[in-house]
Amino acid sequence: MPGLQFYKLDLHVHTPASKCYLDKTHTPEQIVQAALDKELAAIAVTDHNTAEWIDRMKVAAQNTGLVIFPGVEISMEQYHVVTLFD
């Protein structure tokens, strides 16, 4: 199909803002570089119950070509709901 293009994405990325994130010393720049090393076109930052690091991640990704989608993983009593925004 003319014009059809595929992109490599990770739509469920956590940062140290999530309680479950193991290495709290990671920086936004390191997370962006890890995504670039995997040749990703975009990532969605979906921390648990917070959007605290989304702006930091957007700043770190400036001028890299990596698109950052804001999101959040909402913890429910029995499951989680991942939401993404444009």
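Quick notes on this one:
- Segment 16-86: GluC sites (Glu not before Pro) falling in loop per DSSP and having at most 12 other Cβ within 10 Å: Glu39, Glu77
- Accessible surface area normalised per residue over the chain is 69 Å², counting heavy atoms of protein chains with a 1.4 Å rolling probe.
- The orientation-averaged projected area of the convex hull spanned by the Cα atoms of the chain comes to 6.8 nm².
- Annotation note: chymotrypsin sites (Phe, Trp or Tyr not before Pro) in segment 1-80 located in DSSP loop regions with a Cβ neighbour count of at most 10 within 10 Å are Phe6, Tyr7, Tyr79.
- Only beta bridges with both residues in the chain are counted; by DSSP, about 40 percent of them are antiparallel.
The values are calculated or read from the model by the stated rules, or taken from the named source; none is laboratory data. In this text, all values refer to a predicted model and were calculated from it rather than measured experimentally. Cβ atoms come from the backbone with ideal geometry, glycine included; neighbour counts cover every protein chain shown. When the accessible area is computed, the model is the full protein with side chains, heavy atoms only, and any ligands, DNA or RNA have been set aside. Shrake-Rupley method; radii C 1.70, N 1.55, O 1.52, S 1.80 Å.
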